[in-house]
1. Output the 0 to 90 degree angle, nearest 10, between the alpha-carbon long axis of helix D:306-325 and the longest principal axis computed from the alpha carbons of chain D.
2. Rounded, prolate or oblate: which fits the range C:63-170, taking a ≥ b ≥ c as square roots of the Cα gyration tensor eigenvalues, rounded meaning a/c under 1.5, else prolate when a/b beats b/c?
3. Can you give the accessible area of B:Lys126 in Å² (nearest 10), computed on protein heavy atoms with a 1.4 Å probe?
4. Could you tell me the calculated FRET efficiency between C:Ser53 and A:Gln301, based on Cβ-Cβ distance and R0 = 60 angstrom, to the nearest 0.05?
5. Given the C-alpha centroids of the range A:41-55 and the range D:65-117, what is the distance between them in whole angstrom?
6. For n ≥ 4 DSSP H runs only, could you compute -39500 (n - 2.57) per run for chain B, divide by its residues and tell me the 222 nm figure to the nearest 500?
7. Provide Rg over Rh for the range B:217-334; use the alpha carbon set for both Rg and the Kirkwood Rh (inverse mean inverse pair distance).
8. Report the charge-dipole magnitude of the range A:2-114 in Debye, nearest 20, computed about the Cα centre from +1 at each Lys and Arg Cβ and -1 at each Asp and Glu Cβ.
Protein chains: 4
Amino acid sequence: MVNIAVLGTGRIGQMHVDNLAAHPRAQLGGVFDVNTSAAQAVANKHNTILFNSINDVFASPKVDAVLISTSTATHADLIEQAVAANKAIFCEKPIDLSLDRIKSCEQKIKGTSLPIMLGFVRRFDKGHSAVRQAVELGKVGDLHQVIITSRDPDMAPDAYIEVSGGIFKDMTIHDFDMARFILGEDITEVFASGSRLVNESLMKRCNDYDTVTIVMKTASGKQCIINNSRRAVYGYDQRVEAFGSQGMAISENHPMNNLRLYSTEFTDQKPALMNFFIDRYGDAFNTEISHFVECIEQGKQPKVGFEDGKQALVLAEAASRSIIEGRTIHTKEI
Amino acid sequence: MVNIAVLGTGRIGQMHVDNLAAHPRAQLGGVFDVNTSAAQAVANKHNTILFNSINDVFASPKVDAVLISTSTATHADLIEQAVAANKAIFCEKPIDLSLDRIKSCEQKIKGTSLPIMLGFVRRFDKGHSAVRQAVELGKVGDLHQVIITSRDPDMAPDAYIEVSGGIFKDMTIHDFDMARFILGEDITEVFASGSRLVNESLMKRCNDYDTVTIVMKTASGKQCIINNSRRAVYGYDQRVEAFGSQGMAISENHPMNNLRLYSTEFTDQKPALMNFFIDRYGDAFNTEISHFVECIEQGKQPKVGFEDGKQALVLAEAASRSIIEGRTIHTKEI
Amino acid sequence: MVNIAVLGTGRIGQMHVDNLAAHPRAQLGGVFDVNTSAAQAVANKHNTILFNSINDVFASPKVDAVLISTSTATHADLIEQAVAANKAIFCEKPIDLSLDRIKSCEQKIKGTSLPIMLGFVRRFDKGHSAVRQAVELGKVGDLHQVIITSRDPDMAPDAYIEVSGGIFKDMTIHDFDMARFILGEDITEVFASGSRLVNESLMKRCNDYDTVTIVMKTASGKQCIINNSRRAVYGYDQRVEAFGSQGMAISENHPMNNLRLYSTEFTDQKPALMNFFIDRYGDAFNTEISHFVECIEQGKQPKVGFEDGKQALVLAEAASRSIIEGRTIHTKEI
Amino acid sequence: MVNIAVLGTGRIGQMHVDNLAAHPRAQLGGVFDVNTSAAQAVANKHNTILFNSINDVFASPKVDAVLISTSTATHADLIEQAVAANKAIFCEKPIDLSLDRIKSCEQKIKGTSLPIMLGFVRRFDKGHSAVRQAVELGKVGDLHQVIITSRDPDMAPDAYIEVSGGIFKDMTIHDFDMARFILGEDITEVFASGSRLVNESLMKRCNDYDTVTIVMKTASGKQCIINNSRRAVYGYDQRVEAFGSQGMAISENHPMNNLRLYSTEFTDQKPALMNFFIDRYGDAFNTEISHFVECIEQGKQPKVGFEDGKQALVLAEAASRSIIEGRTIHTKEI
């Protein structure tokens, strides 16, 4: 049994705690959160250890690995400490909002052979990974275009938006990683266009955008289009399309259930989409944890790691700069 | 150019007239209807001959074939006259409401080599015929079950229902033929169940049913289920499913257009179904006429003819009797 | 926390064990199986009690309820014993293969107020229950026809088929209950037709059918059609259609994931269906257990209980007799 | 009856001829083509006049209107001559490959009240126009993003590609117009990205691209994405998506028929898409001509005219320049 402690017991942390507790080959090694009462409740529910400090976690010989779901600003520090303490690492995205900080972290942990996994959960979605697999198996021939539609069901609270790092680092970051996952090769050019259509005043205040389109290209000319909106009233819109010389593979949306309604006015109406990521990617979060457990068991590197976290941020930086300059940015400029 | 005269210029007759006029290898040879003014209008529109009598049509040496879309009671007589006049025949279904009359007609025209085609238009629908083709190509393996869903968009006028011959001979007749078409072998057993749910008082008065289910079996055990309703508020519901040992083929419904709507309450909503047979089977009516033209040109028998019209009526008779007796009827009992 | 012991740790029993262990308000109270080593493994995995005998389970004051997933022949006895021991009951379907035995059991437990729940899991499927809800909310108007398509992905092992009680009591039993669930009123007439198309020799030997169609009617004339096959090569085909005066509600199939493939030959191809009941109805099994826990907590009767188990068997008996006699059987004849 | 002569009897011209011949309120007034034998065959088929020269067409007092489906280079001249001859005009797209020529033509015909219609046939597609209607009716709320997927089934012949004017003026031109149609407001910014993935050598030789993505914005910030490929092996891929604050409307693809196939490996497989524009937009070409006839009858301007043809070319020019300069081009720069 792999012993994993969870750092950070907010919404996503609690979900990871539940998944670890139910996992056949993992043991929930304890929890920590700066919000002690929240952490206590989680510990009680699962009859596990409540650590008094981060140091206690890292000092515990029983703990094999840490799952980092604290606030973004602490991620890089915790990764460095975990490496120093010889614990395997699962870290929620993004590593940091600053590319410089990511690079300095990279330097510090260089050479470690500990499994370090980044929480790009969508790679573990059955539909999205089936698209990637179809590409790998040659079912679409040579890949020409990847189209990612990714729209949140609703704007996050203002307070969150204000510190999120902007749409590219907070929301598109998942899509940048998905683009890299499906394309299977490095992206060299990035163009972005942004609009303020959902909440113009908030976006102006934050110098941010709520509706963006990104067009990217690889060295071999493959194109990738991402379109994002902070609010899709019909639910969490998550589609991936891979178009190639021999066909196309699409990962389709997930309505809440498989009902179809027919009436005098319409036919074949489906319910609204699953809403939100803990529902929509519930299976994927489980598969993700299983992959992490397997990597620890076998001492191998996860399929998605630190470098992927860094490259996604490079694309986010390129997108931000493209909007400002109104031109294509080459990733080597970042 | 094949010269075809149209007898009966009601709604369906007019549609055939339009199709013949537009056909590249057919010539509209003239029209006749007991309602002279209606026929005159049609003749004017297409600048064609208005015949003064049926006899004039049959006497015309220019006319190669007649398309019979008059009232049902006249079909058998007209078929006999057409054979006597050496004209190829396209006759709308049913041949007659009486199996005895059909059999006497059969005797009279026995031995003719003239093309005689029955207007079971659904055989020429792209989707339905693709199901049949899939079966023939072995794509579903051995056929086990055929499920036909067939619901009209609305009840016909009372006056029509009263003289229609009942739901089995008027409406299910198309589905009986579709069952034979897809199954590709003789049906030996028929069970039917009827309800009065759409218009109970009218159905009672007519000793008829508006909602029926028919279960049939072939000698080799293949099953076929037909479910009918006189009114589907979402439009003309026309589905055919062929299930077998290696797969399944389905002919799906046709919404009015390919719009999909998403809102706060729903996703992927399609418009109501095409409504009614002249729209839904518009392409098929054209293909049907083309097949008739080709049969005349090549002097060959149509893919669907007199015997098919007769067998569909046998099944209708069996269904009627099954409802009365509450048991499976063997077609050899009819 | 509700303490529930599991009797029978075969495939479905193990799944219930896992669900109970993960349930926030239930406690796995221990397990028992005549196959002691299998039960031991399950007990070890979940660190729970291995009971030495059924009597020990019923004697334990900690156990609030039993979940019966033993072989069918033991169900009625265990229900009687559980009632005597004052334990709430969740029993897998069917109660028994003999209607007489069910009736004698009914007599014995008459008057108990203990929650007794039958494992008709499909009532808890999101899609199927959404169809029922649509009917209740009047979204389809007056219900006219219910069409249930239910095909297993493959024939069970011969040894199982031989003792299953026949297709109606083993497989269609779920569909009979679904029919009652969706219709919401008593079924009065049953007609059945059976074929041997999947494995003719086995079916002949067992005097059973692998391909059946059942047509049923309620007193008010509502129709229900069930079509079953023991083998659908594309996966577990589970569809429910409710057609009424104002519309239609359909519960659609569940492909393995949401991939769509396009190639030179085809478009929009989905993967095979989820396969088999533990996958397809995985969510429903969880919801089912939650409902049972809630009933125990609140001392209320489950939405699906002993009477439902009995009525489903009445329909199975009627179907068997209809095939033999080739006629509609009235349920009052059973 | 409106008398319309057809200039240019190539593939698309012949289709227009057939539609005019079948139209209830139009009369085919004759045909002309520099390829006299082709024109003769068309004239014979429809028993209409073969004009000896363009001048004869314009001189004919019977001719009310001309349908121009000659080669692109002749369009502007013919429009000018038709206006001089007082004939209503239907002209296939594009008006010309040179924006300057379009502007000089515009000057010459300024002030005419003759109906002048451009052949942007997709505006008359049932699905696409239903999307526009949904937007107009407020069904998607405020429009935020329009996504147009437009992929030809296969590369046109090399000889055609070489003189086509490039992908933006030849193929994307339809999508530029669709963008304007759905957005309902002027586009101010254009960014384009091009790749050579289908036929690299041909594209290099022509200084053209076979795979392009265009991102556009209106003054109010609405975004529009077009993605094009010269070859989609699964057929003619034509989708339009309008996403807004209250929902989404999509015009979906048209498979060849409504067959769905299920097998051991897959479910719900549809046939390849309709292939090519004369099939896919067959209905739309008919509706288009009806609109033109109606405009002539009522002396009103068509819903899509000269200005739309000009604006689509402005966008094409902007896209070409954007690729060269790697930046967003403002349409006022063109």
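1. So the helix axis and the longest Cα principal axis differ by about 40 degrees.
2. Cα axes put the range C:63-170 in the oblate bin.
3. 110 Å²
4. 0.75
5. 78 Å
6. Rounded to the nearest 500, it is -12000 deg cm²/dmol.
7. On the Cα set of the range B:217-334, Rg over Rh gives 1.05.
8. The calculation lands at about 180 debye.
The values are calculated or read from the model by the stated rules, or taken from the named source; none is laboratory data. Source: prediction; values computed, not measured. So basically every Cβ, Gly included, is an ideal-geometry build from the backbone, and we count neighbours across all protein chains shown. Side chains included, ligands, DNA and RNA excluded: accessible areas come from the protein's heavy atoms. Shrake-Rupley method; radii C 1.70, N 1.55, O 1.52, S 1.80 Å.
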